[in-house]
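Student: Here it is: the structure, laid out below.
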Amino acid sequence: MKKNSKNALNVFPKIGKKAAKVYKTICSELAMDGNAHLDLGSFSTTKMNPYADKLITEQLGKNFINYGEYSQTKKIQDRIAAILSKLLNAPNHKSTSGTSTLGSSEAIHLALLAHKWSWKKRRESLNQDTAKPNIVYCSNAHVCWDTFALYFDVEPRKVLVYSLNTYPLEEILRNIDENTICVGAVAGNTYTGSIDPIEELNNQIAAINLKNNWDIGIHVDAAISGFVLPFLTLKELKWDFSLSLVRSINLSGHKFGLVYPGMGWLIFRDAFFLPKDLIFSSHYLEKPIETFTLNYSKGASMILAQYFSILQHGVSGYKKIIKRCCKTAEDLRKILKQSDFFEVVDEGILPIVVFKFKSSDSININEFQLHLKAKNWMLPVYDFPGNFEAEKLMRIVVKENLSPEMASQLCDDLISTYQKLKQL
Ligand SMILES: Cc1ncc(COP(=O)(O)O)c(C=O)c1O
């Protein structure tokens with residue numbers, strides 16, 4: 001290897017190389033990356049049908065924002081938003097509103113911005129102060145809730161969770177006041193996959209609104225579960241637009257929506273909840289376009305890939321895939337529970353298995369993680385963000401690509417690795 005070769009790579013090359021050689025060079029460097037299919041912590045889809053790949057490749061050069069030239073792609077986006085609003089039980093299909101985003105983080109930022117705007121408008125119309133907006137959510141929400149508060153100058157009232165899988169309802173309600181732009185609820189949190197009691201929250205906030213003449217709504221973060229819960233028949237669980245105060249929901253198309261990374265959705269209960277002031281009109285492409293987005297240009301491919309997945313699988317296909325993932329997750333849970341080494345801590349609803357060591361056998365969890373990495377399994381190890389002492393957690397996201405055979409091999413590897421470290 002040449003001296004200083006690392007620095008040489010950080011320089012714009014003076015002359016180019018043949019495409020085939022460039023391809024080979026990059027691929028050999030990428031061979032050092034982990035295997036995305038065995039990344040157990042990631043929620044992202046890693047494989048689509050070859051026809052989806054073909055469609056994506058053929059549409060790669062399309063910039064979605066140029067609605068004038070690509071009006072059909074825009075229609076397809078709007079069609080998907082309409083399909084999703086029905087899936088999420090929006091009461092009036094004709095006046096829902098929704099948009100594609102790069103992921104759930106962008107969708108959450110846009111949604112909360114809309115809540116902030118509606119709150120501000122209402123307060124202004126009542127001649128009330130708008131200097132101190134706040135947002136109330138739990139400490140186990142995704143970091144994008146914190147980034148929203150920081151970037152958009154809203155006080156984060158982040159309520160600490162006091163034990164795994166409990167929801168601090170009383171504390172959440174105590175933090176609400178006239179300056180609350182909305183309350184955040186999570187249907188499937190990143191750490192344990194648990195679903196907040198959204199129906200109870202809805203009813204309690206409705207009573208608070210009535211008592212104080214406030215108009216506080218709920219945003220539901222369904223990044224993980226938005227394409228899962230509608231396909232499971234859990235009649236007793238209400239979490240979507242069937243609840244009157246749920247005004248916006250985000251979903252990650254690139255998670256259980258079965259599309260590659262770069263696909264999120266924000267759906268409003270009704271176009272009324274997306275303030276018109278936030279929609280920008282620009283006219284430097286072929287036709288004037290109206291946008292509600294944090295960025296401008298983006299590829300059209302993933303939107304078309306989302307449409308592909310919806311048409312390819314239909315409701316019955318999504319049901320089948322999601323049920324299969326849930327069944328594999330259940331089998332994994334059973335084996336881990338029987339093993340004496342692991343304690344399963346997730347609620348058992350979503351296809352996510354979260355566990356920790358049962359006893360403090362002085363096994364170093366990071367060493368455990370490294371041994372599994374040597375077997376190609378990438379397993380995240382993390383702390384739960386609450387105000388209590390808790391052991392570190394590990395997560396297995398059971399995606400479509402994790403077959404029952406792979407899951408069984410994974411269990412063997414988890415157990416044998418634990419036993420080996422214990423003997424050492
Ligand atoms: C609950 C939850 N919300 C939001 C996000 C952010 O989603 P994205 O990666 O699509 O931006 C994630 C990511 O895993 C998540 O788990």
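The values are calculated or read from the model by the stated rules, or taken from the named source; none is laboratory data. Because the structure is predicted, anything quoted here is derived from the model rather than measured. Cβ atoms come from the backbone with ideal geometry, glycine included; neighbour counts cover every protein chain shown.
Student: Assess whether Thr233 counts as being under 24 Å from Ala107 (Cα atoms), surrounded by fewer than 23 Cβ atoms within 10 Å (Cβ to Cβ) and of a type outside the set (Lys, Arg).
Tutor: When the stated conditions are applied, Thr233 does not pass them.
Student: Could you grab me the full set of residues in the stretch 51-85 that are at pLDDT 95 or above and β-branched (Val, Ile, Thr)?
Tutor: Once the filter is applied, which keeps residues that are at pLDDT 95 or above and β-branched (Val, Ile, Thr), the stretch 51-85 yields Ile56, Thr57, Thr73, Ile76, Ile80, Ile83.
Student: Being of a type in the set (D, E, K, R), within 16 Å of the ligand (Cβ to nearest atom) and at negative phi narrows it down to one of Asp129, Asp146, Asp177, so name that one.
Tutor: On the way: Asp129 fails: within 16 Å of the ligand (Cβ to nearest atom); Asp177 fails: within 16 Å of the ligand (Cβ to nearest atom).
Exactly one of Asp129, Asp146, Asp177 is of a type in the set (D, E, K, R), within 16 Å of the ligand (Cβ to nearest atom) and at negative phi, namely Asp146.
Student: Out of all the residues in the stretch 97-114, which are out of contact with any helix residue (DSSP H, G or I) (no Cβ under 8 Å at 6 or more places or on another chain) and more than 15 Å from the ligand (Cβ to nearest atom)?
Tutor: The answer is none; no residue qualifies.
Student: List the number of the failed condition for Asn295; all other conditions in (1) surrounded by 24 or more Cβ atoms within 10 Å (Cβ to Cβ); (2) touching a residue at least 40 places away in the same chain (Cβ under 8 Å); (3) within 14 Å of the ligand (Cβ to nearest atom) hold.
Tutor: Failed condition: (1).
Yes/no matrix, rows are residues, columns are (1) surrounded by 12 or more Cβ atoms within 10 Å (Cβ to Cβ); (2) touching a helix residue (DSSP H, G or I) at 6+ places or on another chain (Cβ under 7 Å):
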{"residue": "Lys21", "(1), (2)": "no, no"}
{"residue": "Leu38", "(1), (2)": "yes, no"}
{"residue": "Asn49", "(1), (2)": "yes, yes"}
{"residue": "Thr73", "(1), (2)": "yes, yes"}
{"residue": "Asn89", "(1), (2)": "yes, no"}
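Student: Being out of contact with any Pro (no Cβ under 9 Å at 6 or more places or on another chain), assigned to a loop (DSSP other than H, G, I, E, B) and within 11 Å of the ligand (Cβ to nearest atom) is the filter here, so list the residues in the stretch 226-258 that pass it.
Tutor: Across the stretch 226-258, the qualifying residues are Gly226, Gly253, Lys255, Gly257.
Student: Taking interchain pairs and intrachain pairs at least six residues apart, which have beta carbon atoms under 8 angstrom, with the first residue in the stretch 98-111 and farther than 11 Å from Gln77 by Cβ and small (Gly, Ala, Ser) and the second part of a helix (DSSP H, G or I) and within 8 Å of the ligand (Cβ to nearest atom)?
Tutor: Hits for this filter: Ser104/Cys144; Ser105/Cys144.
Student: Could you list, in sequence order, all residues of the stretch 259-292 that are within 12 Å of the ligand (Cβ to nearest atom) and not in a loop (DSSP other than H, G, I, E, B)?
Tutor: Within the stretch 259-292, Gly264, Trp265, Leu266 qualify.
Student: Restricting to the stretch 204-228, name every residue that is more than 16 Å from Ser248 (Cβ to Cβ) and surrounded by 14 or more Cβ atoms within 10 Å (Cβ to Cβ).
Tutor: Selection gives Gln204, Ala206, Ile208, Asn209, Trp214, Ile224, Phe227, Val228.
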